[in-house]
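The values are calculated or read from the model by the stated rules, or taken from the named source; none is laboratory data. Keep in mind that what you see is a predicted model, and the values were worked out from it rather than measured. As a convention, Cβ positions derive from the backbone with ideal geometry for all residues, glycine included, and neighbour counts pool all protein chains shown. Ligands, DNA and RNA are stripped out before the accessible areas are found, and what is left, the full protein with its side chains, is counted by its heavy atoms. Shrake-Rupley method; radii C 1.70, N 1.55, O 1.52, S 1.80 Å.
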Amino acid sequence: VVGIDEAQFFDDGLVETCQRLADEGHRVIVAGLDKDYRGEPFEPMPALLAIAEYITKTLAICVQCGAPANHSQRLIASEERVVVGADDVYEARCRDCFSPDSRQ
C-alpha cells in the first residue's frame with residue numbers, strides 16, 4: 001500500500017506516478033482537497049479522480065450553519081493560490097455559506 005496525503009500540493013507528475021504504482025500492483029490511496037479557496041478544481045486532483053477505481057468524498061461541517069461543507073473559505077487577503085495555515089486562515093463552509101470573493 002502506498003499512501004499520499006495533501007495531493008493538491010503535488011504537480012501533475014503525481015498522476016503518472018500513481019498510475020505506474022497501480023499498474024505494478026500496488027494499492028494507492030491518495031487524499032487531498034479537490035477545490036482551492038476560490039472553489040476551482042485543485043490540480044492534480046481532477047486527473048487523479050478520473051483514473052481512480054474507487055472514490056470516497058468526505059465533507060467537513062460548515063462552521064457557519066452546521067451543514068456538510070465542501071469548500072475552504074479563506075479568511076485572509078492573499079492572491080496566492082496556496083497559503084499555509086490552519087483555522088486562523090481557512091474554515092469549512094457549505095455551498096450556501098461559501099463566498100470566494102470575501103475575506104471575513
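General observations
- When segment 25-60 is filtered for residues that are under 15 Å from Arg93 (Cβ atoms) and of a type in the set (Phe, Trp, Tyr), only Tyr37 remains.
- Cβ pairs under 6 Å, 6+ apart, first in segment 11-31 and farther than 15 Å from Ala47 by Cα, second open to solvent by 50 Å² or more (accessible area, probe 1.4 Å): Arg27/Val1
- A single member of Ala47, Ala31 is under 12 Å from the mean Cα position of the chain (by Cα), at pLDDT 95 or above and at negative phi, and it is Ala31.
- Of the set (1) in contact (Cβ under 8 Å) with a residue 24 or more places away in the chain; (2) among the aliphatic types (A, V, I, L, M); (3) within 27 Å of Gln19 (Cβ to Cβ), all apply to Ala67 but (3).
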